[in-house]
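> What follows is a structure written as structure tokens; I'll ask about it next.
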Amino acid sequence: MKVAIIGAGLQGEGCATILSRDNEITEIYLGDIDQNRLNLCKKNIHSNKLHIKLVDANDLEDLVAFLSNSDVCIDMLLPQYCPNVMKAALKVGINYINTAYDVPFWENILHGEELYLDKEFKDKGLTALLGCGDSPGLVNVFVKKYCDKLDKVDSIIIHGIYSNSEYDPLKIWNPGWSLKQAYIDFITPPYIYRNKKFIKMSPFSEIESVNYHDYGMHNIALHSHEEAYSLPRTIKNLQNCEFKYEIDKYAATLYAFGFNRDKSIEINNYKINTLDFLFELIKELDSKKVNIDDVNSKDEYYSILEIFGVKNNQKKVYKVLLKPLYANRKEIIEKFGTLKIDVALPCVVGIKCLEQAKKGVIFAEELDAEKFIAILNTYVKYEEIVME
């Protein structure tokens, strides 16, 4: 299989690293607009399979040329580029996969519309798999696994926490991906699904402190995330769905100080939106390239899933803890050459599921959950923890 990866950031490099050690992969084409970043990936990965190329994701013809020799496209860019990359994959006639998405799909779901480019992918007998990373992705697959055990699913609650949530205001905020995108994620008004209706909420709303036993107390709040959109669409007769995330004190502090879309400040008689001002300030930090294994070197991310429903006319609750894929650090480094597999490895597993997947635009929970988990276990032995 020949794989094209557009985006040579932390996740793109992690994906290319894993694929370079996969015997089913014959060629890897890695594209980005940053030649220095491409050169660094080439140097770090040490594989004759890897070919790097400058690509402008805003240029459809440039993307088409980049994808033309590939069997599948992996999109590791920020969600804003997703529609253009999907169009390019369609033009070339190959399957597409990403690990994150937002517009226009969120609006499609909220308004009960046909998904963007769904008909075009179906007409060509192709699949566009959206949100196949860690969360969304691995989380959705395990949600589906436990939904399939129930006769009826009523509610799905997802919490995301870090093992180490210490806050040092003197340190530079490093969420592990783009600072700009991370902040946008935190301040975007989240939607929850209650009584079969989507409801718009405020950022950092419905705060609660939860004791996760071995992991201590964590402050969580509603968060705008893909699972809260796709699961109500794909899980039949679902009543309620919500996603809560650990409150990031860096993001929360900036938001409390007024860095949002609705406020402006005046500098030398010139008005500027506070969000634009903030993004200009962090532009230099956001452009700095972090070593791939400096990220998540101390913190571990856990997802807690609660699925409520009915089995054999009795109420049933599944509470499931998903540990990080990179928990056994020594084994992971020896096998993959990187710790950065949390998003990249589920994406790699996803491309192995595409040929048998539904055609059109789909989400990770629409894959065969048992098959996905079986393929995942050929890379790492992974078992969720079912809690009482």
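> Scan the range 54-73 and report the pairs whose first residue is over 11 Å from VAL92 (Cβ atoms) and whose second residue is in a loop (DSSP other than H, G, I, E, B), with Cβ atoms within less than 6 Å and a gap of 6+ or a chain change.
Close Cβ pairs satisfying both conditions: ASP56/ILE33; ALA57/LEU77; ASP62/VAL55; ASP62/ASP56.
> With the structure loaded, tell me whether LYS244 is basic (Lys, Arg), touching a residue at least 12 places away in the same chain (Cβ under 8 Å) and buried (at least 20 other Cβ atoms within 10 Å of the Cβ) or whether it fails that test.
Values: basic (Lys, Arg): yes; touching a residue at least 12 places away in the same chain (Cβ under 8 Å): yes; buried (at least 20 other Cβ atoms within 10 Å of the Cβ): yes.
Against the criterion (basic (Lys, Arg), touching a residue at least 12 places away in the same chain (Cβ under 8 Å) and buried (at least 20 other Cβ atoms within 10 Å of the Cβ)), LYS244 qualifies.
> Follow-up. GLU370 - would you say it is in contact with a Lys or Arg (Cβ under 8 Å, 6 or more places away or on another chain) and buried (at least 20 other Cβ atoms within 10 Å of the Cβ)? Working first, answer last.
Details: in contact with a Lys or Arg (Cβ under 8 Å, 6 or more places away or on another chain): yes; buried (at least 20 other Cβ atoms within 10 Å of the Cβ): no.
Here the answer is no, as GLU370 does not meet what is asked.
> Here's another thing I want to ask about it. Go through the range 5-53 and report how many residues are touching a Ser or Thr at 6+ places or on another chain (Cβ under 7 Å) and either within 17 Å of SER178 (Cα to Cα) or not assigned by TED's automatic domain parsing to the domain that holds VAL72 (or both).
Looking only at that region, the number is 2.
> Continuing with the same structure: Determine which single condition ILE333 fails, assuming it passes every other condition in (1) assigned to a loop (DSSP other than H, G, I, E, B); (2) at pLDDT below 95.
Tallying (1) assigned to a loop (DSSP other than H, G, I, E, B); (2) at pLDDT below 95, ILE333 fails exactly one: (1).
> Check whether at least one residue in the range 334-352 is without any contact (Cβ under 8 Å) to a residue 12 or more places away in the chain, more than 22 Å from TYR146 (Cβ to Cβ) and either crowded, with 20+ Cβ neighbours inside 10 Å or not basic (Lys, Arg) (or both), and report yes or no.
yes
> Would you check if TYR81 is within 22 Å of the chain's Cα centre (by Cα), aromatic (Phe, Trp, Tyr) and in a strand (DSSP E or B)?
no
> Within the range 232-240, can one find any residue that is surrounded by 14 or more Cβ atoms within 10 Å (Cβ to Cβ) and among the hydrophobic types (A, V, I, L, M, F, W, C)?
yes
> Among the residues in the range 146-162, are any assigned by TED's automatic domain parsing to the domain that holds ASP185, modelled with pLDDT under 95 and of a type in the set (A, V, I, L, M, F, W, C)?
Within the range 146-162, one or more residues are assigned by TED's automatic domain parsing to the domain that holds ASP185, modelled with pLDDT under 95 and of a type in the set (A, V, I, L, M, F, W, C).
> Something else now. Tell me, which residue of the range 163-192 that is buried (at least 16 other Cβ atoms within 10 Å of the Cβ) and of a type in the set (Phe, Trp, Tyr) is modelled with the highest pLDDT?
TYR191
> Follow-up. Can you name the residue in the range 92-114 that is assigned to a loop (DSSP other than H, G, I, E, B) and of a type in the set (A, V, I, L, M, F, W, C) and, of all such residues, is farthest from GLY131 (Cα to Cα)?
Narrowing the range 92-114 to residues assigned to a loop (DSSP other than H, G, I, E, B): 93-94, 99-101, 103, 111-114.
Pick out the ones that are also of a type in the set (A, V, I, L, M, F, W, C) and you get 94, 100, 103.
Numbers: ILE94: 17, ALA100: 5, VAL103: 13 Å.
My answer is ILE94.
> So, of the residues in the range 17-35 that are over 23 Å from ASP342 (Cβ atoms) and β-branched (Val, Ile, Thr), which turns out to be farthest from the chain's Cα centre (by Cα)?
So the residue we want is THR26.
> Let me ask something additional. Taking the condition of being part of a loop (DSSP other than H, G, I, E, B), at pLDDT below 95 and either buried (at least 17 other Cβ atoms within 10 Å of the Cβ) or charged (D, E, K, R) (or both), how many residues in the range 34-63 meet it?
Residues flagged as part of a loop (DSSP other than H, G, I, E, B), at pLDDT below 95 and either buried (at least 17 other Cβ atoms within 10 Å of the Cβ) or charged (D, E, K, R) (or both) within the range 34-63 amount to 1.
> Here's another thing I want to ask about it. Is at least one residue of the range 18-33 touching an Asp or Glu at 6+ places or on another chain (Cβ under 6 Å) and in contact (Cβ under 8 Å) with a residue 12 or more places away in the chain? Before the answer, list the steps.
Within the range 18-33, the subset touching an Asp or Glu at 6+ places or on another chain (Cβ under 6 Å) is 33.
Keeping just the survivors that are in contact (Cβ under 8 Å) with a residue 12 or more places away in the chain gives 33.
Checked the range 18-33: at least one residue is touching an Asp or Glu at 6+ places or on another chain (Cβ under 6 Å) and in contact (Cβ under 8 Å) with a residue 12 or more places away in the chain.
The values are calculated or read from the model by the stated rules, or taken from the named source; none is laboratory data. Remember, predicted model here, so these are calculated numbers, not experimental data. Note that each Cβ is placed from the backbone with ideal geometry, even for glycine, and that neighbours are counted across all protein chains shown.
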